[in-house]
Ligand SMILES: CC(C)(COP(=O)(O)OP(=O)(O)OC[C@H]1O[C@@H](n2cnc3c(N)ncnc32)[C@H](O)[C@@H]1OP(=O)(O)O)[C@@H](O)C(=O)NCCC(=O)NCCS
């Protein structure tokens, strides 16, 4: 007998698949399985997309001193006309000397070369909202208590 009818309070039928037959797994480490799942997600996202398929492309900027020591870096990606910045850091010894501004300009320039016209970045209260404002970024939203007692500020800019 069909298991569905055998137990009306039991498993439900979803798109023809018994939910009890779907086994879920949490993947916390990079693996072939994760890479395969990611590829399927990306393809799935583009299933109903009104724009050409374009995967995120890494954009890193690194700054070195005259001896080649790393003194600053930015990690970001570009996709679908957007530069998304995830991290920016300058060595304490070199701060307030315009290094981060140079790094940001380089990232924006490379993003423009890749035909991006807009930038997204976020920053917590104790990080650098004032820095992004100085570079012409406009705040479009906040999440209060993103970390207990601290607000996350979301910025965008047209380049
Ligand atoms: C934020 C950070 C990248 C700035 O680097 P920097 O090289 O000192 O920045 P710049 O010298 O290019 O600063 C440009 C201007 O922004 C100001 N500014 C720099 N950091 C600022 C901050 N945290 N808040 C407000 N204004 C800031 C500078 O005073 C300068 O202003 P001025 O033009 O009037 O003199 C650096 O302080 C850092 O690595 N902080 C720790 C990591 C971090 O918070 N990263 C940002 C995550 S969102």
Subset tally (residues that are closer than 21 Å to residue 63 by Cα and free of Cβ contacts under 8 Å to residues at least 12 places away in the same chain) for the range 97-133 = 6
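Residue by residue, here is whether (1) within 22 Å of residue 129 (Cβ to Cβ); (2) modelled with pLDDT of 95 or more; (3) surrounded by fewer than 13 Cβ atoms within 10 Å (Cβ to Cβ) holds:
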position: 13; (1), (2), (3): no, no, yes
position: 27; (1), (2), (3): no, no, yes
position: 50; (1), (2), (3): no, no, yes
position: 55; (1), (2), (3): no, no, yes
position: 58; (1), (2), (3): no, yes, yes
position: 64; (1), (2), (3): no, yes, yes
position: 76; (1), (2), (3): yes, yes, no
position: 83; (1), (2), (3): yes, yes, no
Here, strands (runs of 3 or more DSSP E) confined to the range 58-159 with at least 3 residues that are within 12 Å of the ligand (Cβ to nearest atom) and not assigned by TED's automatic domain parsing to the domain that holds residue 42 are 70-79, 82-90, 118-124, 150-158
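The values are calculated or read from the model by the stated rules, or taken from the named source; none is laboratory data. Only a predicted model underlies this, so the values are computations on that prediction, with no experimental measurement involved. For neighbour counting, all protein chains shown are included, and Cβ atoms are generated from backbone atoms with ideal geometry for every residue, glycine included.
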